[in-house]
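Written below as structure tokens is the structure these notes are about.
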2 protein chains.
Amino acid sequence: MSDTKILLKEKEMPEAWYNIQADMPNLPKPPLHPVTKEPVGPQDLKPIFPMGLIEQEVSRDRWIEIPDEVREIYRLWRPSPLCRARRLEKALDTPAHIYYKYEGVSPAGSHKLNTSVPQAYYNKKEGIKRLATETGAGQWGVALSQACSFFGLECTVYMVKVSYHQKPYRRSLMQVFGSNVIPSPSELTSSGRKILEKDPDSLGSLGIAISEAVEDAAGREDTNYALGSVLNHVILHQTVIGLEAKKQMEKADHYPDVVIACCGGGSNFGGMAFPFAHDKLVKGKKVRLLAVEPISCPTLTRGHFGYDYGDVAGFTPLLWMYTLGKDFMPPGIHAGGLRYHGDSPLVSQLVHDGIVEARAYGQTAVFQSAVLFARSEGVLPAPESSHAIHAAVEEALAAKEAGEKRIILFNLSGHGLLDLSSYDAYLEGKLIDYPLPEEELEKALAALPKV
Amino acid sequence: MSDTKILLKEKEMPEAWYNIQADMPNLPKPPLHPVTKEPVGPQDLKPIFPMGLIEQEVSRDRWIEIPDEVREIYRLWRPSPLCRARRLEKALDTPAHIYYKYEGVSPAGSHKLNTSVPQAYYNKKEGIKRLATETGAGQWGVALSQACSFFGLECTVYMVKVSYHQKPYRRSLMQVFGSNVIPSPSELTSSGRKILEKDPDSLGSLGIAISEAVEDAAGREDTNYALGSVLNHVILHQTVIGLEAKKQMEKADHYPDVVIACCGGGSNFGGMAFPFAHDKLVKGKKVRLLAVEPISCPTLTRGHFGYDYGDVAGFTPLLWMYTLGKDFMPPGIHAGGLRYHGDSPLVSQLVHDGIVEARAYGQTAVFQSAVLFARSEGVLPAPESSHAIHAAVEEALAAKEAGEKRIILFNLSGHGLLDLSSYDAYLEGKLIDYPLPEEELEKALAALPKV
């Protein structure tokens, strides 16, 4: 029997990230300044980002070298394993082969550490002493806390207040790594105070927390801001996932028919799929790329393609992307990482151009597949990652129906050990799917900024 | 730079477990029947254990083959990585090399799955439909739940009531794998009812939960009992850890000067150390074997060496071991897996014969090393495993003091992601060390059974 896990040696770890901007038939339109609505230049981003990352954001080079200092930290958990889900295949009685790349082996428990490490590195290199960021459920906050701890940077995390109280374990984990975790909205920023004046009991939101973190970073010389998804340089860093997976699929002597990942801000999907998109765009390979999102926040499947702000307050540049409108408030589904009104401009453009497919599911079906996966393969998946699992299950059943040996590859972006209360809700039959009603979508889209 | 992680291929996974009974200069005295006080035979154990495991319990064969069906499941996560803790070495500024074997990569998050899988397998093979067990903090309950799910067995877990309510995540995790989790004491067994009659608000204890699970298994033809530590066959299964670690140390071109593991019931320590004890006993290798326990439950360092019961009710055979007395109630330290009055007879005998060293620490020092380890290496360790980390740190600092390149190997038996409330307590300065007062020890030992 061939191996269950396909491993790479540390020396087989990628030496460069892949930049899809070199190969896209159409690039997204440039980000616009939130006030002047003119294209933003490096000087607009300098108050909150280091030049190393700004250069990556706009680079058209196909390959960008991974610094040794970053590779050294990556080696704590990378290369991550590629696993053949044989027991899941058996449970589904499918002729398909199901492979999954497992990013939950990172100390942060998710793929987020792939970008928090280089972000901390470039900031440190340019003399920054402290990073500010926001976090919802806490995956990103944990990853940035660890990266800052590795490089000796201070870290302040504005955590959405309701999560701060409901997800105490992720808060604790950030504190173990020395971060200062602040429930948002807070009294520390003017945007926080403004919200609290109107509503002292505000539970907070990701949009508010972004505004607070950006304000914090913009106001202090020694402090920059860090973002866990959406931006080009973030996805660039995540391409280590897909680059490794390609080498591992080669070792397994297979090329995937379909590559699947869940998609919130797009960094997990892009990180997995872009190296395969390269084969499709440059080498003419036939490979389907499938981004999966929740029906309650159907950005790629039902959103508008155009300019929108990244945050609620309108502090960030306008990005060219699929969006449900910055004021759209997604319902409280358990895949907190997929509750974002917008999406990566790169992923959005590729969906618009028909290079990437998108599909949306309700969370009940997603959790059903998650439990099937756990009972077959042992690993408890994160609710976000379970969207990809459900798509893989659908593809495997379609292959069975068609009687074909389809090769399915998906990214298991993280484990769900700190999401167990969500599994309780599923097992107790308490999950609600929240499909977005047409009239609510229309209302949300009517509020889009005029550019 | 040499690799950070030393990996084995799946085909390098051990094909047999190592049975130290073949090599011990003195074997422990035999278990005695709890009522007759005569040595127990296989027929006494048959009502609750399958013959496959009973044979392993008493076998003197040095090598016992691992069945293919068990190896197939092991391959979901084994071989586990051996990691060089370079960043920890740097933080300690020590000439020592620190290696750790990481068992937290198992789907259960700990080494416990190494034995729950073969236990489920042998029971399934002998026609058993259902297993009953107890769990305290939940590590063992999770591992047995997963193993039963893999082999299609039903699983009932009697979970100490206070943990059932305080550790809801581990309870949920068992339920995701389909187990029936019952807060103990319960109305389902006569031992449970007896306790509840006296004290309806009883928070339960491991000793009570064992009594309930044994009673459940003894009373049903289709049901057996499973234990997560202490017994010979349990430690036998865990030797995959040390056998892999030996191969990995060879690849790293080093032999350890000291092998360290935490010790509660002994399965984690024995699993790691016994394959190295083989080298010491048979090949005359100079290697120190160090078992680490809490000062609040100092079984090996301050206990009595003699016969005692394994549970509170006195249902189990009398075992020849170090014990603090079955009625000793350890204080509520955070390393729940180390709160056991007794210890493995095999480990106890080796300590008594001077082949294994034992050392005890207070939990404050242990958590201090745990946080240092997390910030250096990324991985958040379980409180139990952190006892081994603290010993490794002490050894590394002693090596620095002596100016010698000591080779230190320890077992990181599990991650601490479901123990984050313990880290909160540490960060808030709320940990208490609870050294066992002499008069309390004397009182506990005075209650030992007369044999």
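Label point 7 Å out from residue A:60 along Cα-to-Cβ: which residues of the stretch A:223-263 have amide N under 18 Å?
A:232-233
Between B and A, which B residue has the Cβ nearest their rotation axis, distance in Å?
So the closest residue, with its distance, comes out as B:417, 2.
Which one, B:144, B:155, B:106, projects farthest toward the positive side of the charge dipole computed for the stretch B:71-158 from Cβ point charges (K/R +1, D/E -1)?
B:106
Given label points at 7 Å from Cα along Cα→Cβ, what nm distances, shortest first, separate residue A:197 from the same residue in every other copy?
6.9
Would you please classify the overall shape of the stretch A:321-382 from the alpha carbon gyration tensor, given that a ≥ b ≥ c denote the square roots of the eigenvalues, rounded means a/c under 1.5, and beyond that prolate means a/b larger than b/c while oblate covers the rest?
Taking the square roots of the gyration eigenvalues as a ≥ b ≥ c, the stretch A:321-382 is oblate.
What is the sum of charges, Lys and Arg at +1 and Asp and Glu at -1, for the other residues whose Cβ falls under 15 Å from the Cβ of residue A:137?
Residues near residue A:137 contribute +3 overall.
So if I take the centroid of the Cα atoms in the stretch B:300-326 and the same for the stretch B:420-451, what is the distance between those two points in Å?
Measuring centre to centre over Cα atoms gives 17 Å.
Using a 10 Å cut-off around each Cβ, can you sort A:249, B:174, A:321 from fewest to most neighbouring Cβ atoms?
Going from least to most buried by this count: A:249, B:174, A:321.
Is it possible to state the helix-based mean residue ellipticity at 222 nm for chain B, with each DSSP H run of 4+ residues giving -39500 (n - 2.57), the sum divided by total residues, to the nearest 500 deg cm²/dmol? What is it?
-12500 deg cm²/dmol
Tell me the angle of helix A:139-151 to the major Cα principal axis of chain A, expressed in degrees between 0 and 90 and rounded to the nearest ten.
Tilt of helix A:139-151: around 80 degrees.
Given Cα pairs under 8 Å that are at least 6 residues apart, what percent is the relative contact order of the stretch A:348-434?
32
Looking at the stretch B:118-219 from every direction and averaging, what is the projected area of its Cα convex hull in nm²?
5.8
Can you tell me the 0 to 90 degree angle between the C-alpha axis of helix B:267-282 and the longest principal axis of chain B, rounded to 10?
Once rounded, one gets 60 degrees.
With 49 Å as the cut-off, how large is the P(r) tail for the protein assembly as shown, expressed as percent of Cα-Cα pairs?
That tail contains 21 percent of the Cα-Cα pairs.
If neighbour count is taken as other Cβ atoms inside 10 Å, put A:364, B:36 in order from fewest to most.
Ordered from fewest to most neighbouring Cβ atoms within 10 Å, A:364, B:36 come out as B:36, A:364.
For a test of the definition: using alpha carbon positions, the gyration tensor, and the 1.5 limit on a/c, classify the stretch A:270-400 as rounded, prolate or oblate.
oblate
Please figure out what share of the DSSP beta bridges in the protein assembly as shown is antiparallel and state it in percent, rounded to the nearest 5.
Among the beta bridges of the protein assembly as shown, antiparallel pairing accounts for roughly 35 percent.
With a/c under 1.5 counting as rounded, go ahead and sort chain A into rounded, prolate or oblate using the C-alpha gyration tensor (a ≥ b ≥ c being the square roots of the eigenvalues; past the cut-off, prolate if a/b is larger than b/c, else oblate).
Rounded is the answer for chain A, as its axis ratio a/c remains below 1.5.
With angles folded into 0 to 90 degrees, how steeply does helix A:363-377 sit against the dominant principal axis of chain A? Use alpha carbons for both and round to 10.
So the helix axis and the longest Cα principal axis differ by about 50 degrees.
Sequence gap at least 6, Cα distance under 8 Å: using those rules, report the relative contact order of chain B to the nearest whole percent.
About 19 percent, as a whole number.
Taking Cα pairs under 8 Å and at least six residues apart, what relative contact order does the stretch A:296-402 come out at, in percent?
Relative contact order of the stretch A:296-402: 22 percent.
Given just the C-alpha atoms of the stretch A:371-451, how large is their convex hull per residue in cubic angstrom?
With only Cα atoms used, the stretch A:371-451 gives 199 Å³ per residue.
Amide H to amide H under 5 Å from residue A:158: which residues, 5+ apart in sequence or cross-chain, H placed 1.01 Å off N in plane?
Amide H to amide H, under 5 Å and 5 or more residues apart or across chains, residue A:158 pairs with A:133, A:134, A:135, A:182.
Tally the DSSP beta bridges in chain B and give the antiparallel ones as a percent, rounded to 5.
Within chain B, antiparallel bridges account for around 35 percent of the total.
Peptide A:75-85: average number of partner chain Cβ atoms within 10 Å per residue?
Per residue, the average neighbour count from other chains is 3.
How would you rank A:11, A:246, A:125, going from fewest to most other Cβ atoms within 10 Å of each one's own Cβ?
Ordered from fewest to most neighbouring Cβ atoms within 10 Å, A:11, A:246, A:125 come out as A:11, A:125, A:246.
Which lysines, on any chain, are close to residue A:37 with Cα under 16 Å apart, when same-chain ones fewer than 8 places away are left out?
A:29, A:450
State to the nearest 20 debye the size of the charge dipole of chain B about its Cα centre, where the only charges are +1 on K and R beta carbons and -1 on D and E beta carbons.
860
Between the label point of residue B:404 and that of the same position in each other copy, find the distances and list them shortest first in nm, with every label point placed 7 Å from Cα along the Cα-to-C-beta direction.
Here residue B:404 shows inter-copy label distances of 6.6 nm.
Can you list the cysteines of chain B that have no other Cys Cβ under 4.7 Å away?
Those would be B:83, B:262, B:263, B:297, since no other cysteine Cβ in chain B comes under 4.7 Å of theirs.
From the label point of residue A:430, set 7 Å from Cα along Cα→Cβ, how far away are the matching label points in the other copies, in nm, ordered shortest to longest?
From this label point to the equivalent ones elsewhere in the assembly: 2.4 nm.
Since every read-out is calculated from the coordinates, none of them should be taken as a lab result. Since the model is a prediction, treat every value here as computed from it, not as a measurement. Glycine also receives a Cβ, built like all others from the backbone with ideal geometry; neighbour counts cover every protein chain displayed.
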